[in-house]
1. Every residue in the stretch 240-276 that is under 9 Å from the mean Cα position of the chain (by Cα), over 18 Å from residue 153 (Cβ atoms) and aromatic (Phe, Trp, Tyr), please.
2. Can you spot a residue in the stretch 198-221 that is under 20 Å from residue 271 (Cβ atoms) and either modelled with pLDDT of 95 or more or β-branched (Val, Ile, Thr) (or both)?
3. Taking residue 153 as the residue in question, decide whether it is surrounded by 21 or more Cβ atoms within 10 Å (Cβ to Cβ) and not hydrophobic (A, V, I, L, M, F, W, C).
4. Among the residues of the stretch 131-144, write down those that are touching a residue at least 12 places away in the same chain (Cβ under 8 Å) and either over 17 Å from the mean Cα position of the chain (by Cα) or part of a strand (DSSP E or B) (or both).
5. Looking only at the stretch 328-349, which residues are charged (D, E, K, R) and either in contact with a Lys or Arg (Cβ under 8 Å, 6 or more places away or on another chain) or not assigned by TED's automatic domain parsing to the domain that holds residue 255 (or both)?
6. When you go through 108, 68 one by one, which is the residue that is modelled with pLDDT under 95, in contact with a helix residue (DSSP H, G or I) (Cβ under 9 Å, 6 or more places away or on another chain) and farther than 15 Å from residue 335 by Cα?
7. Somewhere in the stretch 157-173, is a residue part of a loop (DSSP other than H, G, I, E, B), of a type in the set (A, V, I, L, M, F, W, C), closer than 29 Å to residue 341 by Cβ and at pLDDT 95 or above?
8. Name the residues in the stretch 239-287 that are in a loop (DSSP other than H, G, I, E, B) and among the polar types (S, T, N, Q), would you?
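The values are calculated or read from the model by the stated rules, or taken from the named source; none is laboratory data. Just so it is clear, the structure is predicted and the values come from calculations on it, not from any experiment. Note that we place each Cβ from the backbone using ideal geometry, even for glycine, and neighbour counts take in every protein chain shown.
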Amino acid sequence: MTSDFPDLKHQLQNKINQKTKPLGALGRLEMLALQIGLVFETLTPEIHNPTILIFAADHGIAQSGVSAYPQSVTAQMVLNFLNGGAAINVFARQHHLSLKIIDAGVNADLSNYDDLRHEKIGFGTQNFLDVPAMTLFDCEKALITGGTIVRQQHKVGCNCIGFGEMGIGNTASAAVLMHLFTKIPLDKCVGRGTGLNDEQLEHKRNSLQSAVEKYPTLKTPHEILATFGGFEIAMMAGAYLEAAELKMLILVDGFVCGAALLVAQQFNPHVLDYCVFSHVGSEHGHRALLNHFQANPPNPPSKRGAFSPPFEKGGREGFALLDLELRLGEGSGIALAYPLIQSAILFLNEMATFEEAGVDKA
């Protein structure tokens, strides 16, 4: 953010405080308005061409029974997105959000679909129970591709972007990445995904524990991502990094998207300064992941998290906009939370001050 961050922060806070309301009466909406103003480096922020990018890819680990759905569902859901029939299509239309679908590595030939962006790195990753999910070369290619896609969106006027995902088995990858990057115990990171029963969940935990033990010498973020990640997760990580570099407002969806952000954070810790967390999902591990992010705006980079409350169930929650027990993915939480982004900007720009309205202050 700008070098005059403290001065801009003071000006934004003063503008918020002068609105015709008791101090702090709009609660976290005021914090959101402050963060948006800081991201856009202005007292009068505006959103242009808000866009959700959905990255789709398959995971070799899905072949080992860690998902309740077969791998073929990934391609089928991509076609559902293209036909406008998924939840994210409905919500994006409702809130006038642009929606782009990217084939990052679906295990199907989708080359005949013109509305699909074709960036396939491969026909799904390898099964990391046996070999690394992808090569370091393909991992880097996915990171670069994600950044390129965001840069192109920025060039056509987009300054607010969110990322969704589709990939059977991707909560398994996300759980391992979360465990390795945060050091949170693996069983606290692994959840039911698309709806595993107790026996299937135990199998998923055991499989992922075996996979982690298979690669004890991994050190760098690139190595960890290439070993356990997915093509869509890697592309999202690159997309987060580029969006922060371009000073865009970044809207973060659920567990898998959060894991991709966690990857991006390894390369640039300040990426979090540009992120708004749309919701707390019901996938096991998401609250702990948000707590790790200390997702409470808007501190200067050097002080982020200094007064961030925990996301632990039953305690004070951090700054996610919604808690609707979502576990769908697709960017659905972003689309549902977007009206709150609009409201924060509108009250900051259009709500009268005490002086303008002729209202006495306290």
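1. Correct list: 255 only.
2. yes
3. Yes: the conditions hold for residue 153.
4. Answer for the stretch 131-144, where residues must be touching a residue at least 12 places away in the same chain (Cβ under 8 Å) and either over 17 Å from the mean Cα position of the chain (by Cα) or part of a strand (DSSP E or B) (or both): 132, 133, 134, 135, 136, 138, 139, 140, 141, 144.
5. Within the stretch 328-349, none qualify.
6. 68
7. yes
8. 268, 282
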